[in-house]
1. So which residues in the stretch 190-208 are surrounded by fewer than 21 Cβ atoms within 10 Å (Cβ to Cβ) and over 22 Å from the mean Cα position of the chain (by Cα), if there are any at all?
2. For the stretch 194-220, which positions are assigned to a helix (DSSP H, G or I) and touching a residue at least 40 places away in the same chain (Cβ under 8 Å)?
3. Condition first: surrounded by fewer than 20 Cβ atoms within 10 Å (Cβ to Cβ) and touching a Leu at 6+ places or on another chain (Cβ under 8 Å). Now tell me which residues in the stretch 118-149 satisfy that.
4. All but one of (1) over 29 Å from Leu10 (Cα atoms); (2) in contact with a strand residue (DSSP E or B) (Cβ under 6 Å, 6 or more places away or on another chain); (3) among the β-branched types (Val, Ile, Thr) hold for Val159, so report the exception by its number.
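Values in this text are rule-based calculations from the coordinates and carry no lab data. The structure presented is a predicted model; accordingly, all values stated were derived computationally and were not measured. Positions of Cβ are generated from backbone atoms using ideal geometry, with glycine treated the same way; all protein chains shown enter the neighbour counts.
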Amino acid sequence: MTPSAFDLRLQPGPHVFVTSLDAPVLDADDRHHLTKSLRLRDGDPITLSDGAGSWCTARFGDPVEVTGQTVTVASPPRTSLAFALTKSGKPELVVQKATEIGVDEIVVFHGERSVPRWDTAKQNKAKIRLARVAREAAMQSRQVRVPRVEIVDDLAAVVERGATQSLVRADFVPAKSVEIATISAIAVGPEGGWSDAERSLVPAAVDLGGSVLRAETAAIVAAVRLTSQRQMG
C-alpha cells in the first residue's frame, strides 16, 4: 500500500515538526511539552514532519531515532483565507481552526469597519503569535504542512497578493454569486460588515449560508467550504 497523508493520522504517538527529517532535532519547547505534559519516555513512538509536505515515523529520545521511510505527500490545490481583524482572541481562534481544517494560507487584514487597530509593533508581535498558533494547531491535527500566516494593512493589499487571484468575499447579499467549487480564496469581513468600497474591490461574492454569522464563525465556515471542495475534487 502506498503511504499517504491518511496513514499519518493512524500512526501512534504525538506529531512534531522538525527542520530536517534526515537529522531531526526537536525544538526545546516541543521536547519540554512531550516530556512534561505528554510524559513521553525514550523509545515511545512519534511522527515527524518538515512542515513542507514530508513526514516519517520515529522514536522519542535524545537523539530522536527515525524508524520509517520519508513520505512526501503531494500538494493539493492551494487555498487562502483572508479575514478582517476582530476583537479579543478571535484571530487566534480563526487561525487555529483554519489550520486544523487544512487551509494553506491565512491573511489577516484591517477591515474598514474593524474595531481594533494594530500598529506596526502590534502587527509584528501578532504575526509571531499567530504563526505559533498555526504551528501548534498543525501538529495537533497531524498536518504535513504549516500554513503561511500574514498580516496586511487592508483589503486592497489582500487583492494585490498574487496568491489570491480568484479571491471572492463572503457576503449574505452577493453582488455576483459564484460557485464555491471555483474558489481558492475567500475574504471574510469584520463584525460591522463590508463597506461599499470593499465590496467594489471584490465584486464576486459567495453566500456561506442562510443566517447571519459572527465574523469568526464565518471565517471558519469559509475554511471548511474551501477545503471540502478541494478534497471532493
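1. Gly192, Gly193, Ser195, Asp196, Ala197, Arg199, Ser200, Leu201, Pro203, Ala204
2. We begin by selecting, within the stretch 194-220, every residue assigned to a helix (DSSP H, G or I); these are 196-201, 215-220.
Ala197, Glu198, Leu201, Ala215, Glu216, Ala218, Ala219, Ile220 - these are the residues of the stretch 194-220 that are assigned to a helix (DSSP H, G or I) and touching a residue at least 40 places away in the same chain (Cβ under 8 Å).
3. Trp118, Arg142
4. Exception for Val159: condition (2).
Yes/no matrix, rows are residues, columns are (1) among the small types (Gly, Ala, Ser); (2) over 21 Å from Arg161 (Cβ atoms):
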site: Asp50; (1), (2): no, yes
site: Ser54; (1), (2): yes, yes
site: Val71; (1), (2): no, yes
site: Ala82; (1), (2): yes, no
site: Gly89; (1), (2): yes, yes
site: Gly102; (1), (2): yes, no
site: Ile106; (1), (2): no, no
site: Glu112; (1), (2): no, no
site: Asp119; (1), (2): no, yes
